[in-house]
Amino acid sequence: ASVIPKRKQIMRENHRNPGLNRAIADVLRPGMRLDDRFSHAGTAIAHWVRAGLARESEHRTGFLWYPIAAGLGILAYFAAAEEPSLWAGPGLAALSALGLWRAQGAFRLFCITLLMVGLGFAAGAFRTAYVTSPMLERDILVEVKGFAESVETMPSRQRYVIRPVAIEGIAPEKLPFRLRVGAAGRNGPEPGAFVSMKARLQPPSESALPGGYDFRRVSFFRSTGGVGYTIGPMKAEVAPVEPPLALRINAAIDR
């Protein structure tokens, strides 16, 4: 008795799609075997998808699915077991774009979807390549010189993001792009200043538990190759080189 009113309600809501109504009626028919019910459920789902696509076409809102396709491309990049070729995403996007020249109807939509997937895949790959920076391999106690990109002031200390120019004992080509360093006190150098310090540094830590917060992963995508704290005061000095334009902009915003 409870099935019949529910079936009538669903059929009223889908009065514009008789095929879907028939499929739903078949699924809800009393006394049907389970395998037949599953078969009719598959038919109902197919009708529902087709009806949804027809509504998307009627209201011209299908393009809203393209960012989702790009997101799937990004997920596909991060799901890869090994680092894919940098040109895999652009290659797929280029082939899809070529297919658009003569594609019509559903195949054209398929090509546009593949194009967005390829662009999403390329975005993940190029972003990773862009932020890749050397990371420290072990704990070290060294002298560091570089530019203060930003300063975060806390109740009893400050936390600096440093763009190192030189780290004692580390070759220039192995310098991390950024360091995150804590310093005691609240009156340290301003953002943009060239600073020198004695610091204990270590590589960013990995997650303590499977699926937990992965600080190393977050640091990688911030181009941060080491973290630590200063030993003694941090001193401002005359910069031996001109700071990069992006650093000057970031420091000005932070000030």
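Local charge for Glu143 was computed over the other residues whose Cβ lies under 13 Å away, with Lys and Arg +1 and Asp and Glu -1, and equals +2. Extension gain for the segment Phe177 to Ala81, taken as residue separation times 0.36 nm less the Cα-Cα distance, is 31.9 nm to one decimal.
Per-residue extension of 0.36 nm, minus the Cα-Cα distance of Leu100 and Ala129, leaves a gain of 7.5 nm for this segment. Under 10 Å, Cα contacts only: if you run a Gaussian network model on the chain, which one of Gly192, Gly211, Gly228 comes out with the highest mean-square fluctuation? In the Gaussian network model the winner is Gly211. With viscosity 0.692 mPa s and temperature 37 °C, the Kirkwood radius over alpha carbon pairs of the stretch 112-255 converts through Stokes-Einstein to a diffusion coefficient of 201 µm²/s. For the stretch 89-121 versus the stretch 205-242, the spacing of their alpha-carbon centroids is 40 Å.
At the residue level, Tyr160 shows approximately 0 square angstrom of accessible surface with a 1.4 angstrom probe and all protein chains present.
Taking Cα centre as origin and charging only the Cβ of basic (Lys, Arg, +1) and acidic (Asp, Glu, -1) residues, the dipole magnitude of the stretch 92-172 rounds to 460 debye.
In a DSSP loop and with at most 10 other Cβ atoms within 10 Å, the GluC sites (Glu not before Pro) in the stretch 33-120 are Glu82. Would you look at the GNM of the chain, springs on alpha carbons closer than 10 Å, and say which of Ala80, Ala122, Ala199 moves the most? Of the options given, Ala80 has the highest mean-square fluctuation. Think of the stretch 111-168 as having a plus end and a minus end, set by charges on the Cβ of Lys, Arg, Asp and Glu; of Met116, Ser150, Ile167, Met116 sits farthest toward the positive end of this dipole. Between Leu64 and Ala239, what FRET efficiency comes out of the Förster formula 1/(1 + (r/R0)^6) with R0 = 51 Å and r the beta carbon distance, rounded to 0.05? Given R0 = 51 Å and the Cβ-Cβ separation, E is 0.55. When Rg and the Kirkwood radius Rh are both evaluated on Cα atoms of the chain, their ratio Rg/Rh stands at 1.23.
Net length available on complete extension from Lys198 to Ala88 is 35.2 nm, with 0.36 nm assigned per residue and the Cα-Cα distance removed. Other residues lying with their Cβ under 11 Å from the Cβ of Ser219 contribute a combined charge of +3, Lys and Arg counting +1, Asp and Glu -1. Placing a label point 7 Å from the Cα of Ser57 along the Cα-to-Cβ direction, the residues of the stretch 105-119 with a backbone N closer than 20 Å are 105-115.
Over the chain, with a Gaussian network built from C-alpha contacts below 10 Å, which listed residue (Gly185, Gly120, Gly71) shows the highest mean-square fluctuation? Sorting by GNM fluctuation, first place goes to Gly185. Per-residue ellipticity at 222 nm, computed for the chain from helices alone with -39500 (n - 2.57) per DSSP H run of at least four residues, works out to -15000 deg cm²/dmol. In terms of overall dimensions, the stretch 152-211 has a Cα radius of gyration and Dmax of 13.7, 40 angstrom.
The values are calculated or read from the model by the stated rules, or taken from the named source; none is laboratory data. Worth saying up front: this structure is predicted, and the values here are computed from it rather than measured. Here Cβ is always computed from backbone atoms with ideal geometry, including for glycine, and neighbour counts include all displayed protein chains. These accessible areas exclude ligands, DNA and RNA; they are computed on the full protein's heavy atoms, side chains included. Shrake-Rupley method; radii C 1.70, N 1.55, O 1.52, S 1.80 Å.
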